[in-house]
Amino acid sequence: MVSLGFCPNWFFHQSIIFELAFAIITLFVALYSFKIYKASREKSAILFGMAFLLFSASYFVQSILNIGILFELSQNVDILQQVSQVFNLGLNALYTHMIFMLLGLILITLISLKPRNIKIFLLLALVSILPIYLGKDPIYTFFIISSTYLLFISHHYLKNYLEKKQFNTLLVFVAFLLLFLSDVHFIFSINHSLFYVIGHFFELASYVLILLNLIMVFKK
Amino acid sequence: MKKRDRLQIIYDILEVIRDKGEKIKPTHILYKSNLSHQMMQQYLDELIGKGFINELRHEKGKTYSLTEKGFNYLSGYTQITKFVESFGLA
């Protein structure tokens, strides 16, 4: 399972619901970004939409494969075969989730960089994804790298808020700061599973704020 | 130039073209948009590239008209600016 090892057993079912909710909210953000791109032809809007589409895909993969694992565990098959299937399923889900999430974060980072080009994207993708495959602890490496991106992105949104001093910009800054904090909690969850639960609540609060901003933007 | 300014300039240019109807000359856009000739030409090229306006060439010069995409931009301008500003897409 994606969270195998540090998700408390009592929270496993709830974590699937959380991840499905994140997948749906991020999908909404992606679709509205594409709508904005269609109307404005602003390149940054399509990059933002693609980033959130990748987030959505990462959460869908995470939740659907966790559901698959639950299903596998409920079957009466040989225990060794079951463990092997669950391990393989979990490993595939884990890597897919991490790669989609990192690519999404790189796209948002790219929005704050000028000039934006494909070479910078490829470079960031390589230096972010390779350590996950080559390192000894892929989960820990992933959270360190994604936290670094989220810190950089939060700083971008802090600057955006200080420049515009609007409620909407504050919401988005707090949302990305909460995402950063949730990632930091996930780092600690490797040793203390309760942090995994706290991280999910931070993540939920973050996506609710992003959704709230979206509602305010599209409210007539 | 900041994004807000850029989006506002695009809005102003499209609004002038819409208000003048089908045949607006570049000099009129220049006067209304309060831009240098070079900047105005850059914006017009961008707007043609994005499919927001059409350029029509006549014997007496060029005129511009709004496309459906241009009309859509004007009607969705508030949402576009709010979205771009709040999500830091500048």
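From the set of residues in the range B:33-51 that are of a type in the set (A, V, I, L, M) and away from chain A (no Cβ under 13 Å), which is nearest to A:Ala30 (Cα to Cα)? Show your work before the answer.
Going residue by residue through the range B:33-51, those that are of a type in the set (A, V, I, L, M) are B:35, B:39-40, B:44, B:47-48.
After this cut, where a residue has to be away from chain A (no Cβ under 13 Å) as well, the list is B:35, B:39-40, B:44.
Values: B:Leu35: 35, B:Met39: 33, B:Met40: 32, B:Leu44: 29 Å.
Filtering the range B:33-51 for residues that are of a type in the set (A, V, I, L, M) and away from chain A (no Cβ under 13 Å), the one nearest to A:Ala30 (Cα to Cα) comes out as B:Leu44.
Annotation: B:Asn54 fulfils all but one of (1) closer than 24 Å to A:Arg116 by Cα; (2) out of contact with any helix residue (DSSP H, G or I) (no Cβ under 6 Å at 6 or more places or on another chain); (3) more than 8 Å from every other protein chain (Cβ to nearest Cβ); the unmet one is (1). Consider the range A:42-82 and keep the residues that are at pLDDT 85 or above and of a type in the set (Ser, Thr, Tyr). The one that is nearest to A:Phe28 (Cα to Cα) is A:Ser56.
In the set (1) farther than 30 Å from A:Asn160 by Cα; (2) among the polar types (S, T, N, Q); (3) within 9 Å of chain A (Cβ to nearest Cβ), the condition left unmet by B:Ser75 is number (1).
Rundown of residues vs (1) loosely packed, with under 15 Cβ neighbours inside 10 Å; (2) not basic (Lys, Arg), yes/no style:
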residue	(1), (2)
B:Ile53	no, yes
B:Lys60	yes, no
B:Lys69	no, no
B:Ser75	yes, yes
B:Glu85	no, yes
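One residue alone among B:Leu14, B:Leu7 is modelled with pLDDT of 85 or more and within 24 Å of B:Ala90 (Cα to Cα), and that residue is B:Leu14.
Those residues that are among the aromatic types (Phe, Trp, Tyr) and surrounded by fewer than 18 Cβ atoms within 10 Å (Cβ to Cβ), I need them from the range A:207-220; list them, please. Can you show your working first?
Applying the first criterion (among the aromatic types (Phe, Trp, Tyr)) to the range A:207-220 yields A:207, A:218.
Passing the criteria: only A:Phe218.
The values are calculated or read from the model by the stated rules, or taken from the named source; none is laboratory data. Just so we're clear, the structure is a prediction, and the values are computed from it rather than from any experiment. FYI the Cβ positions are ideal-geometry reconstructions off the backbone, even for glycines, and counts take in every protein chain you see.
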